[in-house]
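The values are calculated or read from the model by the stated rules, or taken from the named source; none is laboratory data. Since we're looking at a predicted model, the values are computed, not measured. Note: ideal-geometry Cβ built from the backbone for every residue, glycine included; neighbour counts use all protein chains shown. Just so you know, the surface numbers come from the protein's heavy atoms only, side chains and all, with ligands and any DNA or RNA stripped out. Shrake-Rupley method; radii C 1.70, N 1.55, O 1.52, S 1.80 Å.
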Amino acid sequence: MPQLGLLAGRAWAALLSQLLRPPCASCTRAVGCHSQGTRDLSPQQMVVREKILDLVVSCFKRHGAKGMDTPAFELKEMLTEKYGEVSGLMYDLKDQGGELLSLRYDLTVPFARYLAMNKVKKMKRYHVGKVWRRESPTIVQGRYREFCQCDFDIAGQFDPMIPDAECLKIMCEILNGLQLGDFLIKVNDRRIVDGMFAVCGVPESKFRTICSSIDKLDKMAWKDVRHEMVSKKGLAPDVADRIGDYVQCHGGVSLVEQMFQDPRLSQNKQALEGLGDLKLLFEYLTLFGIAEKISFDLSLARGLDYYTGVIYEAVLLHTPTQAEEEPLSVGSVAAGGRYDGLVGMFDPKGHKVPCVGLSIGVERIFNIVEQRMKTFGEKVRTTETQVLVATPHKNFLQERLKLIAELWDAGIKAEMLYKNNPKLLTQLHYCESTGIPLVVIVGEQELKEGVVKIRSVASREEVAIKRENLVAEIQKRLSES
């Protein structure tokens, strides 16, 4: 693979012109959101975001995943023809050597490229990183042109449906941990989708483009999707109607059994393979105790071309905890599936590495959490400072500097005001406004007696302790709080 050169100024200028292009009228601007579908995050927002990411990553690690990263941009030839119709949503740029490059559209294709290039046959990994898509942003739904993805993937040849079931278990653990309310995970299988298309009379050449239309059923009514398939993609109306009969079906393992008996679907080998794997999957999901959260949904298609087997998507079932909480339409909050052929597309000899994975929709989840915090007036502390070093007297900067250095060296999170002679009231107000729980006060009397005072900001109680016991006393108080 050729080396990726440094991006020239012209390349970034071209990229910025794409990012800054005005979005469609559907984009609803929010505070901190630029009209081009990107956003700034305030310190308050970063605290919330980091808590969400910490919960997600800790779950990934609990299941044995290793962290990794890939470049923000790849050779365009590495990304094209991997996504199908959505390939046109990639951001393209050129580097100084004239190579065509694209910003990564997701984290899955770069992972597959990594596996092939490094001849890795087995890996369980997680990856948190930004991706870029030239979509029309819809800020109220948490859709941006630049956004963060959190992926978990299992690569390797294993017995059927065991890794797939673990991915669904992980999705349940994360969504339960985030306390977003009730949710449902829709599952299907690409082989069932393709089998359905075949028995309904869809020409094989139209499988992927019709799949892309079906994937819009979570955002569009059936009549609109049918219109797109018939009027824009040239599908026969009776074929579209037969598809319509199937995509309205959803249920549990009983629906899987019912589809085994379907007079048309049961005649298709691909569909039977998919149904067999789903039946096994539901057995494992029952053992994991999450089967009631899973729905076999024949309308689920997942538009990306690289999926080859089981696919899934988590949606929130909005049940407001309070009457004043307004509904927020966000679409799916997690999704994924099996992609057994993707690594082979990067390997010169076409060697395949079966993979299955999931992606958590951090931006959409963040929007939900943020709205709930606004609704209920929840405050966020933006720093973790534990102690403020203060003085009531002038000319005590040197003593404060010595004290704070001692606290820092002991691993205590401490601050002081950047003034030679700050007023004590100003220092105490700073603690109250930023949530700092303790104040260490040194003045003329304390210096003379070899002590310092520790003040609790909440109770306003002060106690004098020996100077040499300061670190131990602070650590004791912090461990008790």
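The charge dipole of the range 387-480, taken about its Cα centre with unit charges on the Cβ of Lys, Arg, Asp and Glu (plus for the first two, minus for the last two), comes to roughly 200 debye. Ligands, DNA and RNA left out, the 1.4 Å accessible surface of the range 387-480 is 51% carbon and sulfur atoms.
Dipole size of the chain about its Cα centre, with +1 on Lys/Arg Cβ and -1 on Asp/Glu Cβ: approximately 1040 debye, rounded to the nearest 20. The amide H of CYS150, built 1.01 Å from its N in the peptide plane, has ILE360, VAL362 as neighbours under 5 Å, considering only residues 5 or more places off or on other chains. With the charge dipole of the chain set up from +1 on Lys and Arg Cβ and -1 on Asp and Glu Cβ about the Cα centre, the Cα lying farthest toward the positive end among the listed residues GLN248, CYS200, VAL48 is that of VAL48.
Residues in the range 152-163 carry Karplus couplings, in order, of 10, 9, 10, 10, x, 8, 9, 5, x, 6, 6, x Hz; the curve used is 6.51 cos²θ - 1.76 cosθ + 1.60 with θ = phi - 60°, and Gly or Pro positions show x. Simple point charges give the picture: +1 on the Cβ of Lys and Arg, -1 on the Cβ of Asp and Glu, and for the range 242-390 a dipole about the Cα centre of about 280 debye.
A Förster distance of 56 Å, applied to the separation of the beta-carbon atoms of ILE465 and GLN157, puts the FRET efficiency at 0.35.
Taking amide H atoms as placed 1.01 Å from N in the peptide plane, the amide H of VAL353 lies under 5 Å from those of VAL343, GLY344, each 5 or more residues away in sequence or on another chain.
Annotation: amide H-H contacts under 5 Å for SER136 (H modelled 1.01 Å from N, sequence separation of 5 or more, or interchain): none. In this simple spin-label approximation, LEU41 and GLU135 carry label points 7 Å from Cα along the Cα→Cβ vector, and these lie 1.8 nm apart. Relative contact order for the chain: 15 percent, from Cα pairs under 8 Å spaced at least 6 residues apart, divided by residue count.
By how many nm would the segment from ASN420 to LYS206 lengthen if fully extended, with 0.36 nm per residue of separation less the alpha-carbon distance?
My answer for the length gained is 69.6 nm.
Normalised by residue number, the volume inside the convex hull of the Cα atoms of the range 247-312 is 93 Å³ per residue. Backbone geometry of the range 123-136 corresponds, through the Karplus equation with coefficients 6.51, -1.76 and 1.60 at θ = phi - 60°, to 3J(HN,Hα) couplings of 6, 10, 9, 10, 8, 10, x, 7, 10, 9, 9, 7, 8, 6 Hz, x marking Gly and Pro. Would the range 387-480 count as rounded, prolate or oblate if I go by the C-alpha gyration tensor, calling it rounded below 1.5 in a/c and otherwise prolate when a/b exceeds b/c, oblate otherwise? Rounded shape, in that the Cα axes give a/c under 1.5. Each listed q (0.05, 0.06, 0.10, 0.12 Å⁻¹) maps to a log10 I(q)/I(0) for the chain, found by the Debye formula over equal Cα scatterers with no solvent: -0.27, -0.38, -0.87, -1.11.
Scalar couplings 3J(HN,Hα) for the range 256-264, obtained by applying the Karplus form with A = 6.51, B = -1.76, C = 1.60 to θ = phi - 60°, are 4, 4, 5, 5, 4, 9, 4, x, 8 Hz; x denotes Gly and Pro.
Can you tell me the length gained on complete extension of the stretch ASP241 to SER254, counting 0.36 nm per residue apart and subtracting the Cα distance?
Numbers: separation 13, 0.36 × 13 = 4.68 nm, distance 2.39 nm.
Difference between extended and current length: 2.3 nm.
Taking +1 at the Cβ of each Lys and Arg and -1 at the Cβ of each Asp and Glu, which of GLN445, SER456, LEU424 sits farthest along the dipole of the range 387-480 towards its positive end, judged by Cα position relative to the Cα centre? With unit charges placed on the Cβ atoms, the residue in question is LEU424.
Placing dummy labels 7 Å off each Cα toward the beta-carbon, the span from GLN179 to MET220 is 3.9 nm. Rolling a 1.4 Å probe over the heavy atoms of the protein chains gives the chain an accessible area of 48 Å² per residue.
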